Amino acid sequence: MISRRAFIKSGGLALFGVGLGGVPSFVTRAVAQTKIISPYQKNKILICIFQRGAMDGLMAVTPFTDPYLKAARPTLFMDASNNGSLLDLDGKFGLHPGLQSFQKLFQEKQLAIVHGMGSPNNTRSHFDAQDYMESGTPFRKGTNSGWLNRVVGLLGHEASPFRAVSLTSSLPRSFYGDNPTIAINNLNDFAIQVKGSNGNMAAQSFEELYDQTSSELLKETGKESFDAIKMLQKTDIKNYKPSQEAKYSTSSLGGSLKQIAQLIKMDVGLEVAFAESGGWDTHFNQGTDKGVFFRNAQDLSNSIAAFWNDLGALQDNVTLMTMTEFGRTVKQNGTGGTDHGRGSCMFILGNNVQGGKVHGNMKPLAPENLEDGRDLAVTTDFRSIFSEVADKHLQLQNDKILFPEWTGNKIGVMQ
């Protein structure tokens, strides 16, 4: 059961919906060069992006010197040598051209990559693998909380209604649990729309509206939403314009990261944020330097790079981490794509990461090194990465609560 958390979905509840005529737009422009006095300014912020569908890590960050991969992918293999389209990272791994916006971040050692990461549970079910990764308990179904909700419970200081925000249409599994979190599909639609039978507002204030609510369940789960809306109404910021000439894509991910940047600049107490990137289930016509993978990769890297540029001096407070439920098969299939596999890679961005390096223990893709004879083996448990990022960046130091079934070691991806 999900308790004590707020769930906002545009049009999903009578109290919450798309803005109507005359309703103010709450989230707008951060006033440049204005210092905001707030009790939340020194809080660190963790941003998580889930790449749903299982990203092909071998295409995103390719071991282009591996002859076994070249043989396994006659039409999908890409090279970084001899004027190939891959972007050479270290003489061994090449970055997909769609991820070009990551190259500078990697070179400046702000971006770290972990290869061969994944779940110790070998399921190839999208639903189960995502559930295990978001709950943080890969061998136990039915865990009643997500790992990010447990992160929120360990933060241990004064909390804002915006402490944990998911920029999604529904609450992600990672946020399930007893600690207050909210899901907001669009900040501009985050408004109360309640009218009486005569067409007038049924309540004159948030307090009156809350008191009039007859549903005890709504009162229990909606308090954080009321508090959050009240906080946004107090802002006088209009027409948000990204700084540092950051140019966000018009995609769902670009919009989500732009709004997360707004919340950070508004200094409303954000500490954990979540967003999604879809379309990574590339069973057919995956493409190389064109096609569906390229488009997804370009959107991911451009959106993240725009967000990072937009933050400017606030980068020191933020670490961003991607994740995906599993990788793809080493060998391409008969329709120019790849099927459900095991190990993949992830990206960690921040000024406190061990950047400019591909971390992990990835072996040559010879048949004897493959998991089940077909997949990149999972050599780094996702929990070893998640726990290290949370511990080092948020100073939590309680892995037994975050990942109760895990007894592994950190990999040194954070400073």
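What follows is calculated from the coordinates using simple rules that are stated; it is not laboratory data. The structure presented is a predicted model; accordingly, all values stated were derived computationally and were not measured. In this analysis, Cβ positions are derived from the backbone assuming ideal geometry, glycine residues included, and neighbour counts consider all displayed protein chains.
Averaging Cα coordinates gives a centre for region 249-278 and one for region 147-185; these two points are 14 Å apart.
Under 5 Å from the amide H of residue 328 lie the amide H atoms of 57, 58, 341, 342, each residue being 5 or more positions distant or on a separate chain, with H modelled from the backbone and absent for Pro and chain starts. This ranking places 345, 48 by how few other beta-carbon atoms lie within 10 Å of each, fewest first, which gives 48, 345. In terms of packing, defined here as the mean over residues of other Cβ atoms within 10 angstrom, the peptides 279-292, 72-85 line up highest first as 279-292, 72-85. Taking a 32 Å limit on the Cα-Cα distance, which of the listed pairs 70/400; 290/363; 109/265; 70/109; 363/400 fall beyond it? Exceeds cut-off: 70/400. Cross-link pairs exceeding 18 Å between alpha carbons, from the set 44/410; 42/392; 258/357; 92/357: 44/410; 258/357.
Each peptide in 377-389, 138-150 gets a packing score, the mean of other Cβ atoms within 10 Å over its residues, and the list from highest to lowest is 377-389, 138-150.
Ordering 271, 325, 405 by the number of other Cβ atoms within 10 Å of each residue's own Cβ, fewest first, gives 405, 271, 325.
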